[in-house]
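The values are calculated or read from the model by the stated rules, or taken from the named source; none is laboratory data. These numbers were taken from a predicted model, which means no experiment stands behind them. Heads up, the Cβs are rebuilt from the backbone with ideal geometry, glycines too, and the neighbour counts pull from every protein chain shown.
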Amino acid sequence: MTQHSGTGYTGVPPWIYAIAAAGALFVLLPLVAMVAKVNWPQFIPLITSESSLTALGLSLRTSAASTALCIVFGVPLALVLARSPFPGQRLLRAFVLLPLVLPPVVGGIALLYTFGRQGLLGKNLDLVGIQIAFSTTAVVLAQTFVALPFLVVSLEGALRTAGNKYEAVAATLGARPTTVLRRVTIPLVLPGLASGAVLSFARSLGEFGATLTFAGSLQGVTRTLPLEIYLQRETDADAAVALSLVLVAVAVAVVGLSYMRPRTLTAPAAATP
Amino acid sequence: MKVVVCAPQVPCGAATETIEKATGTTLTPVSEESSVTDVLGKVTSQEADAGLVYVTDVKTAGDKVKGIPFAESDKAVNTYPIAAVGASKNNDLAQAFIAAVTGSEGKQVLTDAGFGTL
């Protein structure tokens, strides 16, 4: 994704580096402090306890499901927002992006009044025997709610940057809209879609507030890794720190992956200047 | 029936375990919350049918919940001590506060909130 002008001139005044270093330290120092606090001799037993592994497994499974939902609903949303102007588009974008700035606990309350037993949809779902509260489905819904904007923002940006020249050409050559989408648009924005999906996964993995409010907390069903950390903190600080480190490691791996992906995918295009 | 309790790691969850032992029952909750107010919240929002909370929580919820007293709850009573800091600069004020809380007016306030007083 990085582009070099080739002149060797970076245009960054030296003092900027000092402030940038302070900013980087601000993010890194708390992580270093956490690593320093880890009880290393007990680290492996702490993170491989039954409850920890169950929570990690549940987190990975629900985050994968949430990411899939984000792709299913986020791709059409991003396409609509980026490609076809319609009245109320700005308003729709504002609402879709709302979970980015909303405190997750507010999201949880909103979901409760939608899918809860007494909720807007939940009341009707209850009649046909579908109960969402306290289920793994509730966890997936909470995570999808907070993660969807990440996918939409990434993909909408990619769609706008890519433009629609190739799509127009494909259309004049007789391709139907669905074919254009499948053969031109999606391949063109695949790196953006991939990094959006990875960000959604990472956000799902860290989701806490909405899950706690909406889904409850039960081992193996709704207690994801962040909820397990919050609970362990009550009695076993060492376990909480150890699990936090696991979550950080997974998050770093996931975010690292998202920066690897676009480069490998765009490499063939960059090779032909 | 959906039952919600506190997780064993928090004080109200420890109390829940005491009750289970005292009554010889085993609860199969749909959720183990991190705080007793979360348990109460799940019941007042009607997501859960029942929850195990303190007497005082039932009082604060008012008409939204129906408290069901049971004899074994005697086994899981939390006692809250009151004390002044030994080397306090405001010793007189601290003593006055303790007197107010343990006096008849203070006891009345606590009783109204569902606490028992010694």
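Given the criterion among the acidic types (Asp, Glu) and either closer than 30 Å to A:Val221 by Cβ or free of Cβ contacts under 8 Å to residues at least 60 places away in the same chain (or both), identify the matching residue among A:Glu167, A:Glu156.
Going through A:Glu167, A:Glu156 in turn, just one is among the acidic types (Asp, Glu) and either closer than 30 Å to A:Val221 by Cβ or free of Cβ contacts under 8 Å to residues at least 60 places away in the same chain (or both): A:Glu167.
To keep it simple, each residue is scored yes or no on (1) within 23 Å of A:Leu77 (Cβ to Cβ); (2) assigned to a helix (DSSP H, G or I); (3) aromatic (Phe, Trp, Tyr).
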{"position": "A:Gly108", "(1), (2), (3)": "yes, yes, no"}
{"position": "A:Leu112", "(1), (2), (3)": "no, yes, no"}
{"position": "A:Arg117", "(1), (2), (3)": "no, no, no"}
{"position": "A:Leu120", "(1), (2), (3)": "yes, no, no"}
{"position": "A:Asn124", "(1), (2), (3)": "no, yes, no"}
{"position": "A:Gly129", "(1), (2), (3)": "no, no, no"}
{"position": "A:Ala133", "(1), (2), (3)": "no, no, no"}
{"position": "A:Ala138", "(1), (2), (3)": "yes, yes, no"}
{"position": "A:Ala142", "(1), (2), (3)": "yes, yes, no"}
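Any chance the stretch B:78-92 includes a residue that's surrounded by 11 or more Cβ atoms within 10 Å (Cβ to Cβ), at negative phi, of a type in the set (Ser, Thr, Tyr) and under 15 Å from the mean Cα position of the chain (by Cα)?
Checked the stretch B:78-92: no residue is surrounded by 11 or more Cβ atoms within 10 Å (Cβ to Cβ), at negative phi, of a type in the set (Ser, Thr, Tyr) and under 15 Å from the mean Cα position of the chain (by Cα).
Of the residues B:Ala61, B:Ala50, only one is closer than 30 Å to B:Thr28 by Cα, in contact with a Ser or Thr (Cβ under 9 Å, 6 or more places away or on another chain) and among the hydrophobic types (A, V, I, L, M, F, W, C); which?
Details: B:Ala50 fails: in contact with a Ser or Thr (Cβ under 9 Å, 6 or more places away or on another chain).
The unique qualifying residue is B:Ala61.
Can you name every residue in the stretch A:205-235 that is surrounded by fewer than 24 Cβ atoms within 10 Å (Cβ to Cβ) and away from chain B (no Cβ under 14 Å)?
Across the stretch A:205-235, the qualifying residue is only A:Gly206.
Output the residue which, of all residues in the stretch B:1-54 that are part of a loop (DSSP other than H, G, I, E, B) and among the charged types (D, E, K, R), is nearest to the other protein chains (Cβ to nearest Cβ). Step through it out loud before you land on a result.
Within the stretch B:1-54, the first condition is being part of a loop (DSSP other than H, G, I, E, B), and the residues that meet it are B:1-2, B:7-10, B:24-30, B:34-35, B:45-49, B:52-54.
With the extra rule that they be among the charged types (D, E, K, R), the set shrinks to B:2, B:47, B:49.
Working: B:Lys2: 7, B:Glu47: 5, B:Asp49: 9 Å.
Applying the filter and picking the extreme gives B:Glu47.
Any residue at all in the stretch B:63-85 that is under 30 Å from A:Thr136 (Cβ atoms), assigned to a loop (DSSP other than H, G, I, E, B), among the aliphatic types (A, V, I, L, M) and away from chain A (no Cβ under 14 Å)?
yes
Residues of the stretch A:128-138 being in contact (Cβ under 8 Å) with a residue 40 or more places away in the chain and within 11 Å of chain B (Cβ to nearest Cβ), which ones?
Within the stretch A:128-138, A:Ala133, A:Phe134, A:Ser135, A:Ala138 qualify.
Looking at B:Asp92, is it assigned by TED's automatic domain parsing to the domain that holds B:Leu118 and either without any contact (Cβ under 8 Å) to a residue 60 or more places away in the chain or closer than 30 Å to A:Ser51 by Cβ (or both)?
Against the criterion (assigned by TED's automatic domain parsing to the domain that holds B:Leu118 and either without any contact (Cβ under 8 Å) to a residue 60 or more places away in the chain or closer than 30 Å to A:Ser51 by Cβ (or both)), B:Asp92 qualifies.
Could you pull out the residue among B:Ser73, B:Ser35 that is of a type in the set (S, T, N, Q), closer than 28 Å to A:Lys123 by Cα and surrounded by 14 or more Cβ atoms within 10 Å (Cβ to Cβ)? Spell out the reasoning first.
Working: B:Ser73 fails: closer than 28 Å to A:Lys123 by Cα.
Going through B:Ser73, B:Ser35 in turn, just one is of a type in the set (S, T, N, Q), closer than 28 Å to A:Lys123 by Cα and surrounded by 14 or more Cβ atoms within 10 Å (Cβ to Cβ): B:Ser35.
From the set of residues in the stretch A:73-127 that are within 14 Å of another protein chain (Cβ to nearest Cβ) and surrounded by fewer than 13 Cβ atoms within 10 Å (Cβ to Cβ), which is farthest from A:Gly157 (Cα to Cα)?
Once the filter is applied, the top-ranked residue is A:Lys123.
On the basis of being of a type outside the set (S, T, N, Q), surrounded by 15 or more Cβ atoms within 10 Å (Cβ to Cβ), part of a loop (DSSP other than H, G, I, E, B) and more than 14 Å from every other protein chain (Cβ to nearest Cβ), does A:Ala202 make the cut?
no
Scanning for something touching a residue at least 60 places away in the same chain (Cβ under 8 Å) and out of contact with any strand residue (DSSP E or B) (no Cβ under 9 Å at 6 or more places or on another chain), does the stretch A:11-26 turn up at least one residue?
no
How many residues are polar (S, T, N, Q) and in contact (Cβ under 8 Å) with a residue 60 or more places away in the chain when one looks only at the stretch A:62-108? Full working, then the answer.
At the first step, the residues of the stretch A:62-108 found to be polar (S, T, N, Q) are A:62-63, A:66-67, A:84, A:89.
Okay, now just the ones that are also in contact (Cβ under 8 Å) with a residue 60 or more places away in the chain, so A:62-63, A:66-67.
Within the stretch A:62-108, residues that are polar (S, T, N, Q) and in contact (Cβ under 8 Å) with a residue 60 or more places away in the chain number 4.
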